[in-house]
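A.B. asks: One structure follows; several queries about it will come next.
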Amino acid sequence: MSRVTYDRQVWEIVWQIPPGRVLTYGQIGAMIPPPEGIDIPSYERIAPRWVGYAMRRCMNDDTARPPDADQPSIPWHRVINSQGKISLPVGSADAAQQQIRLEAEGIELDRQGRVNFQRYGWAGPDDDWLNARGLLRPHAMVQPSDTD
C-alpha cells in the first residue's frame, strides 16, 4: 500500500466522524489493516504515528477533499490522542484552533485539557461502510483517570 493510498484511507475515515464526536490516532490506525509485509505488533506501534503524518499532510494536499461537496474540508480537529488531548503544541495557533472547533461542536475539555471518551468518543462507521472498504471496527477507548 502506498503512502498516498494510506493517507486517503485515513482521510476517508476522518470525513465520517460526526460533529461532536472524536476518534484517536490509534483508533483510526487500528481500522486500517496492516500493509503487506508489516507484522501486526509492529503496525500497532507505528499506526498512530502514520495517521498523524497523514493528518498533517491533509492540510497541504489538494487531493484531501471531502467526498461530499457540502463539506468544506476534512474535520481534522476531531482527531485527538489516546490521552484525550490535542496533540498539537500547547499554545500554538493550530492547537487553539482545534480547541475552538471542538468546543463549537459542543465537545468540552476538562481542566487537564482532555476529552471524555465515554461522552464524545465515536464507535466508528457502520459495519456495511467498513466492510465495503475492507476496514476494521475501531477499538473502544477507556477514559484516562485523573491520576494519569
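A.B. asks: Within region 5-15, does at least one residue satisfy the condition of being surrounded by fewer than 16 Cβ atoms within 10 Å (Cβ to Cβ), farther than 26 Å from Asn131 by Cα and at pLDDT below 95?
C.D. replies: Applying the first criterion (surrounded by fewer than 16 Cβ atoms within 10 Å (Cβ to Cβ)) to region 5-15 yields 5.
Filter once more, keeping what is farther than 26 Å from Asn131 by Cα: none.
Scanning region 5-15, I find no residue that is surrounded by fewer than 16 Cβ atoms within 10 Å (Cβ to Cβ), farther than 26 Å from Asn131 by Cα and at pLDDT below 95, so the answer is no.
A.B. asks: Need the failing condition index for Glu108 against (1) under 20 Å from Trp11 (Cβ atoms); (2) at pLDDT 95 or above; (3) of a type outside the set (A, V, I, L, M), just the number.
C.D. replies: Glu108 satisfies all of (1) under 20 Å from Trp11 (Cβ atoms); (2) at pLDDT 95 or above; (3) of a type outside the set (A, V, I, L, M) except (1).
A.B. asks: All but one of (1) in contact with a helix residue (DSSP H, G or I) (Cβ under 9 Å, 6 or more places away or on another chain); (2) among the hydrophobic types (A, V, I, L, M, F, W, C); (3) modelled with pLDDT under 95 hold for Ala93; state the number of the condition that does not hold.
C.D. replies: Every listed condition holds for Ala93 apart from (1).
A.B. asks: Say whether the condition of being at pLDDT below 90, surrounded by fewer than 15 Cβ atoms within 10 Å (Cβ to Cβ), farther than 20 Å from Gly124 by Cβ and within 15 Å of the chain's Cα centre (by Cα) is met by at least one residue in region 44-55.
C.D. replies: Start the filter on region 44-55 by keeping residues that are at pLDDT below 90, which leaves none.
No, every residue in region 44-55 fails to be at pLDDT below 90, surrounded by fewer than 15 Cβ atoms within 10 Å (Cβ to Cβ), farther than 20 Å from Gly124 by Cβ and within 15 Å of the chain's Cα centre (by Cα).
A.B. asks: Hey, another quick one. Looking only at region 83-115, filter to residues that are in contact (Cβ under 8 Å) with a residue 24 or more places away in the chain and polar (S, T, N, Q); which one of those is surrounded by the fewest Cβ atoms within 10 Å (Cβ to Cβ)?
C.D. replies: Among them, the one singled out is Gln112.
A.B. asks: Could you tell me which numbered condition Arg133 fails, if it satisfies all but one of (1) surrounded by 18 or more Cβ atoms within 10 Å (Cβ to Cβ); (2) at pLDDT 95 or above?
C.D. replies: Tallying (1) surrounded by 18 or more Cβ atoms within 10 Å (Cβ to Cβ); (2) at pLDDT 95 or above, Arg133 fails exactly one: (1).
A.B. asks: How many residues does region 37-61 hold that are outside any helix (DSSP H, G or I) and closer than 15 Å to Ser87 by Cβ?
C.D. replies: 1
A.B. asks: Then there is this: List pairs: first residue in region 16-30 and closer than 16 Å to Tyr6 by Cβ, second residue outside any helix (DSSP H, G or I) and among the charged types (D, E, K, R) anywhere in the structure, Cβ distance under 8 angstrom, at least six positions apart or on different chains.
C.D. replies: Pairs found: none.
A.B. asks: Something else about it: How about region 1-37: which of its residues are within 15 Å of Ala123 (Cβ to Cβ) and of a type in the set (Ser, Thr, Tyr)?
C.D. replies: Thr24
A.B. asks: Related question: Output the number of residues of region 1-36 satisfying the condition of being among the charged types (D, E, K, R), over 27 Å from Arg119 (Cα atoms), out of contact with any Ser or Thr (no Cβ under 9 Å at 6 or more places or on another chain) and assigned to a helix (DSSP H, G or I). Working first, answer last.
C.D. replies: Within region 1-36, the first condition is being among the charged types (D, E, K, R), and the residues that meet it are 3, 7-8, 12, 21, 36.
Restricting the remaining residues to those that are over 27 Å from Arg119 (Cα atoms) gives 3, 7-8, 36.
Narrowing further to those that are out of contact with any Ser or Thr (no Cβ under 9 Å at 6 or more places or on another chain): 3, 36.
Next, only the ones that are assigned to a helix (DSSP H, G or I) stay: 3.
Number satisfying all stated conditions: 1.
The values are calculated or read from the model by the stated rules, or taken from the named source; none is laboratory data. If you're wondering where the values come from, they're calculated on a predicted model, not measured in any experiment. When we count neighbours, we look across all protein chains shown, and the Cβ atoms used for this are built from the backbone with ideal geometry, even at glycine.
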